[in-house]
Each structure stands twice: as C-alpha cells, then as structure tokens.
Amino acid sequence: MLKTVKPYLQLMRIPHVFTSMADIFAGYFATTQFHPGQIKYLIFLLFSSSFLYTAGIVFNDYFDYEVDLKERPQRPLPSGQISLHTALVIGIGFILLGILFAGFVGVQSFVFAVLLTGAILSYDGITKNIPILGSLNMGSCRFLTVLLGMSIVPGQISSKIIIAFLVMLYVISITTLSKGEVIGGERRGQQLATLGVILVLGCFYIWLKGILTGFTPLIFLILFFTVVTLRPLVRVLLEATPDNIKIAVKTLILSIILLDAYFTAGFAGFLLGLLVLALWIPAVQIARFLYVT
C-alpha cells in the first residue's frame, strides 16, 4: 500500500502543506489575536490553503513534464507512476475544494482564494521560467496565502499587511536561489544572503515599531536566523553547488514555519507561537522520506 500511495505523496510534496498552514495561522492571529468563536473559520481556511497549495505543486509537475523527462525522470509523472490525466484531475479537484472552503468563510475569503488560484496557475504555466517575474509571482502566492488567513477580519488587513510583504520577500529569495538547483549558481548565495539580511532587519523593525508586542517574538527570530537558516546559507555562499543549493532550498522552505511562528508570537503570545512552531515537527519528519524541492 505504501508503494501505491508514496508517488502521490511525492507529487503533492506533503511537507509544503504545513508551511501553507503556518501562513494561514500567521495571518489569522495577526488580525484576530485568537477569537474562539472563529475557530471553525480558521479550520476552513486551513483546508482551503492546503488544497490550493497542493494543487499548485501538482500543476507545477504537470507543466514541467517535458523538462522532468530529462532532468528528473525518477519523479512520479515522468516515470509513469502517475498519469498526466490523473494529475490534472487531482489539480482541478483540489483547486475547486480550496475555493469552496474559502467560500464557507465569506466573500472576502472567496475572493482571495480565487486571486491565489490565479497566481498559482500563472506561476506554474507562464512565469516560472521568466527571470525576476517568476520569483515575484511565487512570492505573490505566499503573500495572498497570508492575506487569506487575514480575510476573517478584512478591516485589519491594511494595518498588518507588512507581515505578508515580509513573507513574500522571503519566498522571493528562496525562489531566486532554487533557480540554481539543477546547474548550480554563481551569485545565488550572495543574492539570497542580501535578501535574508533585509528580511531579518524588516522583522526586527516591525518589532521595534510595536507592531509585534513583548520580547518572546525575538526568541523565534533568533531561532529562525541562527539555528535554521544561517548554516545552509553559509554553505551556499562558500560553494554554490547544486547539492548545497538543494539542501538550502529545502531548509529555507520549511523555515517559513519559523517565520510565521515569529509573527504569531508577536500578535497572539508565546504559546500560540509554539503551536505554529509545532508544525515544523511533522514537516521535517515527512521531508526525510519525501523530497521537498
């Protein structure tokens, strides 16, 4: 049974789901500071983002089929473990489910889900291989995911939108680095390091401005920068080989959870920050058996 299911889990890049859930948590707690009466809407948004993000991953491989035949022939679609038709059905089905669950929350959530769907499909089918535009498009997907989490209280979005921009910047930097995954990249490490420093300074700035409260967010920020992201960045800076870039991209993708935990701790307290951080555990454990990039 595991042999039958594993190709589908690989196609869907299951560890990614936990990062999209973390984005929803960050957006939700930024605007609600945790309101028990809205838990059902939070659950709907978690399902919505999970389905939409997974659909995006499936369509990524669907549109990359010809390239993967040459560069990644072992993957589920080029190896024939899953047919293109099946992948298309899964992708469409997940998009419809994602939009449906967002619609259960309200009109604003429905609109953001539709916009997110458009951003996902435009990246997978059009902009992915276009320099700069592709990275911006991928960043916009995460930006809209955070806004989807905020959509429960749309009146709060304008005052908290900076955290969505910081998540967007982080994902743009990861996408920029990932372009060198197959052939290596001479300047990817330098570009990523520069963006990384800007990101950390931006996170520290919003704490200084009082947008985030208390000292506990700094614990998550230090953990995010020093323990998780610094090591792979240094390796890429020293030697931007495909293997080092692949390891760095995998680590940095999963580290989105820590970034979202930082925002959550600042808006809703240490314990809820730990709740988001707990998503790191299943994401990392599953990533040991399934590829992430």
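Just so it is clear, none of the values below were taken in a lab; they were calculated from the coordinates. The model shown is predicted, which means the values in this text are computed figures rather than measured ones. Neighbour counts are summed over all protein chains in view; Cβ atoms, including those assigned to glycine, are modelled from backbone coordinates with ideal geometry.
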(message) Through the Karplus equation 6.51 cos²θ - 1.76 cosθ + 1.60, θ set to phi - 60°, convert the phi angles of the range 221-228 into ³J(HN,Hα) values in whole Hz; use x for Gly and Pro.
(response) 5, 5, 4, 4, 7, 7, 7, 9
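With an 8 Å Cα cut-off and a minimum separation of 6 or more residues, compute the relative contact order for the chain in percent. Don't jump to the answer; show the numbers that get you there.
Values: 443 pairs, mean separation 71.6, N = 293.
Taking the mean separation of contacting Cα pairs over the length of the chain, I get 24 percent.
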(message) For the ranges 249-259, 229-239, 269-279, what's the packing order if you count other beta-carbon atoms within 10 Å of each residue, average per peptide, and put the highest first?
(response) 249-259, 269-279, 229-239
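Which entries of LYS128/LYS246; LYS70/LYS250; LYS40/LYS246 show an alpha-carbon separation above 27 angstrom in the structure shown?
Numbers: LYS128/LYS246 18 Å; LYS70/LYS250 22 Å; LYS40/LYS246 37 Å.
Pairs exceeding 27 Å: LYS40/LYS246.
Checking understanding here: applying a Kyte-Doolittle mean of at least -0.5 and a length along the axis of at least 24 Å (C-alpha), which whole DSSP H helices in the chain pass? Walk me through the intermediate numbers first.
Details: long enough: 14-32 (28 Å, 0.84); 39-63 (36 Å, 1.22); 84-105 (32 Å, 2.36); 133-150 (25 Å, 1.16); 157-178 (31 Å, 1.98); 188-208 (30 Å, 1.33).
Those that clear 24 Å and a mean of -0.5 are 14-32, 39-63, 84-105, 133-150, 157-178, 188-208.
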(request) May I ask for the distance between the Cα centers of the range 208-281 and the range 128-147, given as a whole number of Å? (result) 20
